[in-house]
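> Sending over a structure as structure tokens; questions will come in a sec.
The values are calculated or read from the model by the stated rules, or taken from the named source; none is laboratory data. This structure is a prediction, so every number in the text was calculated from the model and none was measured. For neighbour counting, all protein chains shown are included, and Cβ atoms are generated from backbone atoms with ideal geometry for every residue, glycine included. When the accessible area is computed, the model is the full protein with side chains, heavy atoms only, and any ligands, DNA or RNA have been set aside. Shrake-Rupley method; radii C 1.70, N 1.55, O 1.52, S 1.80 Å.
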Amino acid sequence: MDRVRESAPQLASITPYDPKYIPADAFMSANENPHDVSEDIRHEIERAVRKVDLNRYPDPLANELRDMIAEANGLERDWVLVGNGGDELLFDTALAWGGPGRTFLNLPPTFSVYAANARLTNTAMVDVPRKGAPDFAIDEDAVLAAVSDPCNPVDFTIIASPNNPTGLRAPHDFMERLLAATDALVVADEAYFEFSRMTSRPLLEANRNLVLLRTFSKAFSLAGVRLGYIMAHPDVIKEYLKVRQPYSVDAVSQAIGCVVFENRAKFEPGIRAIIDERDRVMEGLKVIPGVRPFPSDSNWVLFQVEDAAHAWEYLYGKGILVRDFSDAPLLEGTLRVTIGTSEQNDAFLANLRDFCMRKRD
Ligand SMILES: *Cc1c(COP(=O)(O)O)cnc(C)c1O
């Protein structure tokens, strides 16, 4: 046949996810940890991986890692589910709580994957945009009104805390009020909670509709490995088990995850250093004329800059890759810089300053 039938109609509006990852000297675009795992942890990983039976299917539920995560959080195993990155668990959320006739409440601007998953699963979407400058705070009253609207019942929502790409975490009392106001599933996406030092974990036992989402990709330097997890009531986990791919978490990733989770305390000084550097970059941005940084509880800073698309090009010309949101809805004129090593942060600040000064001359 020289032709092929059209794909599913909901794909027409979807463009494949593009991280815009291109060669650069300084990768400051994807919110990764600038440091790889330490040599001693790497050696331990090599020993663990050598023991993996590559010819055998992995444990479908990664129970060794699952038990470690459960124990560290004072939970039983059936409150935890490990996934192929947080992204898989976000997709599973849309499969299990979305679908035709179902509604997802989104709080843009936020992680674009949420809306893409809703479209992919034919889930209707209600937007409650965040307030704009100076901090993209959640429009709390509007969110609470939306989840209480009897004409348009919301089936699930995802609250990124801290919110990517804007920066701030969700207030704890807002999470509390939201969970009390609705029986919709509320996913608290805590991919960056190690940098904000704030979690909705204390609300977990009292709220069957709460899911906490975490990842190994950011604070724990494992973006290349693909490991994330959720914590939720066992009744909720059971629904995720119905939609997940049985062997999504491969045996090598499970082995690596166990070593890193066991050694997680060793990442603490690095996390602290990133937080200190974030504050330094924030101060540096504030004194560059024409630049307006937005507050951040995470490992990046979103900022507005005059002529943002050219600023991105200028930085890229100097080997510095940041994320360009200059054309993104609700984020016009902004770029996002991930906190790098102190040398990278210095180079970023110096070059952005040069760009802004040149424009003024
Ligand atoms: C990075 C990220 C995730 C998870 O990423 P994985 O690498 O798939 O674990 C989830 N939510 C947000 C907001 C993120 O930025």
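> Evaluate the following for D139: is it open to solvent by 20 Å² or more (accessible area, probe 1.4 Å) and under 21 Å from the mean Cα position of the chain (by Cα)? Write out each step before concluding.
Values: open to solvent by 20 Å² or more (accessible area, probe 1.4 Å): yes; under 21 Å from the mean Cα position of the chain (by Cα): yes.
Spelling it out, D139 is indeed open to solvent by 20 Å² or more (accessible area, probe 1.4 Å) and under 21 Å from the mean Cα position of the chain (by Cα).
> Shifting gears a bit: Could you tell me which numbered condition N55 fails, if it satisfies all but one of (1) in contact (Cβ under 8 Å) with a residue 12 or more places away in the chain; (2) away from the ligand (no atom under 16 Å from the Cβ); (3) not aromatic (F, W, Y)?
N55 satisfies every listed condition except (1).
> Condition (residue is of a type outside the set (A, V, I, L, M) and outside any loop (DSSP other than H, G, I, E, B)) applied to the range 178-188: is it met by at least one residue? Before the answer, list the steps.
Initially, the range 178-188 is screened for residues of a type outside the set (A, V, I, L, M), giving 182-183.
Add one more test, that the residue is outside any loop (DSSP other than H, G, I, E, B), and what stays is none.
Scanning the range 178-188 turns up no residue that is of a type outside the set (A, V, I, L, M) and outside any loop (DSSP other than H, G, I, E, B).
> If you don't mind, there's one more thing I want to ask. So for the range 189-205 (the condition being open to solvent by less than 20 Å² (accessible area, probe 1.4 Å), near the ligand (Cβ under 10 Å from one of its atoms) and not in a loop (DSSP other than H, G, I, E, B)), does at least one residue qualify?
Within the range 189-205, one or more residues are open to solvent by less than 20 Å² (accessible area, probe 1.4 Å), near the ligand (Cβ under 10 Å from one of its atoms) and not in a loop (DSSP other than H, G, I, E, B).
> Would it be correct to say that L120 is open to solvent by 10 Å² or more (accessible area, probe 1.4 Å) and either among the aromatic types (F, W, Y) or touching a Ser or Thr at 6+ places or on another chain (Cβ under 8 Å) (or both)? Write out each step before concluding.
On the way: open to solvent by 10 Å² or more (accessible area, probe 1.4 Å): yes; either among the aromatic types (F, W, Y) or touching a Ser or Thr at 6+ places or on another chain (Cβ under 8 Å) (or both): no.
No, not satisfied.
> Moving to a separate point now. So which strands (runs of 3 or more DSSP E) stay within the range 68-134 end to end and still have 1 or more residues that are over 19 Å from the mean Cα position of the chain (by Cα)? Step through it out loud before you land on a result.
Working: elements: 80-83, 103-106, 124-127.
In the range 68-134, the matching strands (runs of 3 or more DSSP E) lie at 103-106, 124-127.
> A follow-up question, please. Give just the number: which of (1) modelled with pLDDT of 95 or more; (2) farther than 28 Å from A12 by Cβ; (3) open to solvent by 40 Å² or more (accessible area, probe 1.4 Å) does A133 not satisfy?
Here A133 clears every test but (1).
> What residue, of G224, G257, is open to solvent by less than 20 Å² (accessible area, probe 1.4 Å) and either farther than 30 Å from N152 by Cβ or in contact with a Leu (Cβ under 9 Å, 6 or more places away or on another chain) (or both)?
On the way: G224 fails: open to solvent by less than 20 Å² (accessible area, probe 1.4 Å).
The conditions single out G257.
> Please name all residue pairs, on different chains or six or more residues apart, with Cβ atoms under 6 Å, provided the first residue is in the range 105-119 and is within 18 Å of R323 (Cα to Cα) and the second residue is open to solvent by less than 10 Å² (accessible area, probe 1.4 Å) and within 12 Å of the ligand (Cβ to nearest atom).
Between residues of the range 105-119 that are within 18 Å of R323 (Cα to Cα) and residues that are open to solvent by less than 10 Å² (accessible area, probe 1.4 Å) and within 12 Å of the ligand (Cβ to nearest atom), the close pairs are T110/A160; T110/N163; F111/A160; V113/L90.
> Taking P109 and the conditions (1) more than 24 Å from D149 (Cα to Cα); (2) open to solvent by less than 20 Å² (accessible area, probe 1.4 Å), which numbered condition does it fall short on, given that it satisfies the others?
The number of the failed condition is (1).
> Right, next: Being surrounded by 14 or more Cβ atoms within 10 Å (Cβ to Cβ) and assigned to a helix (DSSP H, G or I) is the filter here; which residues of the range 28-63 pass it?
I41, E44, I45, A48, V49, N63
> Which pairs do you get when a residue that is acidic (D, E), found in the range 214-240, comes within reach of a residue that is open to solvent by 30 Å² or more (accessible area, probe 1.4 Å) and assigned to a loop (DSSP other than H, G, I, E, B), reach meaning Cβ atoms under 7 angstrom, with the pair 6+ apart or on two chains?
Final answer for the pair search is D235/R208.
Okay, residues lined up against (1) within 13 Å of the chain's Cα centre (by Cα); (2) among the β-branched types (V, I, T):
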residue: T157; (1), (2): no, yes
residue: N163; (1), (2): yes, no
residue: A170; (1), (2): no, no
residue: A184; (1), (2): no, no
residue: E190; (1), (2): yes, no
residue: P202; (1), (2): no, no
residue: Y229; (1), (2): yes, no
residue: H233; (1), (2): no, no
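> Have a look at R280, R292, R353, R336 and point out the one that is part of a strand (DSSP E or B), open to solvent by 20 Å² or more (accessible area, probe 1.4 Å), of a type outside the set (A, V, I, L, M, F, W, C) and in contact (Cβ under 8 Å) with a residue 12 or more places away in the chain. Step through it out loud before you land on a result.
Working: R280 fails: part of a strand (DSSP E or B); R353 fails: part of a strand (DSSP E or B); R336 fails: open to solvent by 20 Å² or more (accessible area, probe 1.4 Å).
After ruling out the rest, the residue left standing is R292.
> What's the number of the only condition in (1) farther than 30 Å from E332 by Cβ; (2) modelled with pLDDT of 95 or more; (3) open to solvent by 20 Å² or more (accessible area, probe 1.4 Å); (4) not β-branched (V, I, T) that C151 fails to meet?
With (1) farther than 30 Å from E332 by Cβ; (2) modelled with pLDDT of 95 or more; (3) open to solvent by 20 Å² or more (accessible area, probe 1.4 Å); (4) not β-branched (V, I, T) applied to C151, the lone miss is (2).
> Determine if the range 66-80 includes at least one residue that is free of Cβ contacts under 8 Å to residues at least 60 places away in the same chain and within 25 Å of P129 (Cα to Cα).
The answer is no; no qualifying residue exists.
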